[in-house]
Amino acid sequence: MKEIVIISGKGGTGKTSLVASFAALAQNAVLADCDVDAADLHLILTPRVQQTHPFSGGKQATIIAEKCTGCGKCSELCRFEAISQIPATGTTRQAVYHIDPVACEGCGVCAWFCPDKAIDFSDAINGHCYLSDTRYGPMVHAGLGIAQENSGKLVTLVRKKAREIAERDGKEFILVDGSPGIGCPVIASITGADLVLIVTEPTLSGEHDLKRVAQLVTYFKIPALVCINKYDLNPVISDRIIRDAQQRGSAIAGKVRYDTVFSTAQSLMQPVVEIDGSKTAEEVTDIWCTLLDICTSRA
Ligand code: SF4
Ligand code: SF4
């Protein structure tokens with residue numbers, strides 16, 4: 001089984017459209033949407049959710065109002081200024097304290113030192129992980145709650161579940177729609193993968209972001225290929241990207257032209273390779289064949 005992760009230096013490069021096409025071409029894959037901060041693979045693959053699992057990325061403190069004596073100790077100790085006093089009113093005999101769930105970093109200091117054991121410190125539910133069926137095979141995806149963090153942990157959970165399903169069902173591939181950028185979620189998306197495809201576009205920012213993410217992939221010693229989407233929008237930068245990638249030792253998986261067929265495919269909730277007669281579909285298929293060749297040669 002081979003795990004192929006598709007990433008990009010920044011969002012909006014067409015990465016997810018390519019993953020959806022690879023899902024259609026692979027036929028024997030488990031799909032994993034690890035772009036948990038902006039998941040949108042489900043918009044094309046329309047998964048039917050079979051199981052939902054809560055995700056906890058850490059702890060959350062909550063004051064139990066009936067037990068709180070209003071001593072203020074927790075507010076003094078909280079380094080994140082997450083605990084504030086609500087002044088006494090006509091109906092409350094004393095000031096009470098409140099924890100802002102967004103500001104709370106889950107360190108646990110307040111719960112530890114509260115003299116009246118008036119702070120509940122339990123697992124926070126930060127999001128959900130979904131196990132679904134699609135017309136191209138099983139898919140694992142996730143959703144983070146509003147203003148929730150720890151997406152790196154959630155990415156790790158999505159990949160773990162995808163691997164379990166792939167091993168159980170004897171799948172040949174795990175196709176991962178990775179997080180963009182170079183932060184914790186993308187590191188969690190690529191570590192231990194067999195192959196990474198970096199999708200970029202021929203703009204100055206695309207070129208800059210590609211260099212950063214390529215350095216990251218090199219650091220983790222993962223074989224990487226580069227794909228240029230909309231290459232014909234700026235052939236000069238496209239040529240430079242190819243030259244730089246070759247100097248770094250990254251192979252070019254292929255180039256995809258600018259084509260409104262991507263928008264058409266999205267509005268039809270279909271992968272581009274399922275739109276008949278498109279030259280772009282051929283280019284995307286060629287890239288998939290290149291990935292297959294590399295995987296086979298490394299088997
Ligand atoms: S330390 Fe405990 S009792 Fe004192 S204000 Fe905080 S929650 Fe209330
Ligand atoms: S758990 Fe830590 S961050 Fe959260 S309210 Fe308590 S002291 Fe502040």
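Name the residues of the range 104-133 whose amide N is less than 15 Å from a point 7 angstrom out from the Cα of CYS71 along the C-beta direction?
Under cut-off, by backbone N: 109-120.
I want the local charge near ASP177. Using Cβ-Cβ distances under 14 Å, sum +1 for each Lys or Arg and -1 for each Asp or Glu among the other residues.
-3
Considering the alpha-carbon set of the range 115-249 alone, what are its Rg and its Dmax in angstrom?
18.8, 68
Quick check on the range 191-299: take the gyration tensor over C-alpha atoms, sort the square-rooted eigenvalues as a ≥ b ≥ c, and tell me if it's rounded (a/c under 1.5), prolate or oblate.
Oblate, because a/c is 1.5 or more while a/b does not exceed b/c.
With loop defined by DSSP as not H, G, I, E or B, and exposure as at most 11 other Cβ atoms within 10 Å, which is the longest segment of the chain clear of exposed GluC sites (Glu not before Pro)?
82-299
Which value, to two decimals, describes the C-alpha radius of gyration of the range 58-124 once divided by 2.2 N^0.38 Å?
My calculation over the Cα atoms of the range 58-124 gives 1.04.
Where in the range 35-59 does the label zone of HIS128 land, with the point 7 angstrom along Cα→C-beta and an amide N cut-off under 12 Å?
The answer is 49-55.
Find out how many positive minus negative residues lie around LEU41, taking Lys and Arg as positive, Asp and Glu as negative, among other residues whose Cβ is under 9 Å from that of LEU41.
Once all neighbours under 9 Å are counted, the net charge is -4.
Could you tell me which Cys residues in the chain have no other cysteine's Cβ under 4.7 Å from their own Cβ, answering none if every one has a partner?
Lone cysteines by the Cβ rule: CYS34, CYS68, CYS71, CYS78, CYS104, CYS107, CYS114, CYS129, CYS184, CYS227, CYS289, CYS295.
What spacing in nm lies between the two simple spin-label points modelled at THR218 and GLU274, each 7 Å away from Cα in the Cβ direction?
3.9
How would you rank 226-237, 209-220, highest first, on the average number of other Cβ atoms within 10 Å across their residues?
So the peptides 226-237, 209-220, ranked by packing, come out 226-237, 209-220.
Taking 1 over the mean of 1/r across every pair of different Cα atoms in the chain, what Kirkwood radius in Å do you get?
About 21.2 Å, per the Kirkwood formula over Cα pairs.
Quick check on the exposure proxy: order MET269, MET139 from fewest to most C-beta atoms within 10 angstrom.
Least crowded to most crowded, the residues run MET269, MET139.
Sort THR16, THR290 by Cβ crowding within 10 Å, fewest neighbours at the top.
Neighbour counts put them in this order, fewest first: THR290, THR16.
If you rank LEU18, LEU292 by fewest surrounding Cβ atoms within 10 Å, what's the result?
LEU292, LEU18
Just for the chain, what percent of DSSP beta bridges are antiparallel, to the closest 5?
50
Using only Cα atoms, locate the centre of the range 120-176 and the centre of the range 213-230, then give the distance between them in Å, rounded to an integer.
23
Within the set of other residues whose C-beta is less than 14 Å from the C-beta of MET139, count the net charge using Lys and Arg as +1 and Asp and Glu as -1.
Net charge in that neighbourhood comes out at -1.
Taking 0.36 nm per residue of separation and subtracting the Cα-Cα distance, what length does fully extending ASP169 through TYR258 add?
28.3 nm
FYI, it's all coordinate maths here, none of it is from the lab. Since the structure is predicted, the reported quantities are computational estimates derived from the model, not experimental observations. Neighbour counts are summed over all protein chains in view; Cβ atoms, including those assigned to glycine, are modelled from backbone coordinates with ideal geometry.
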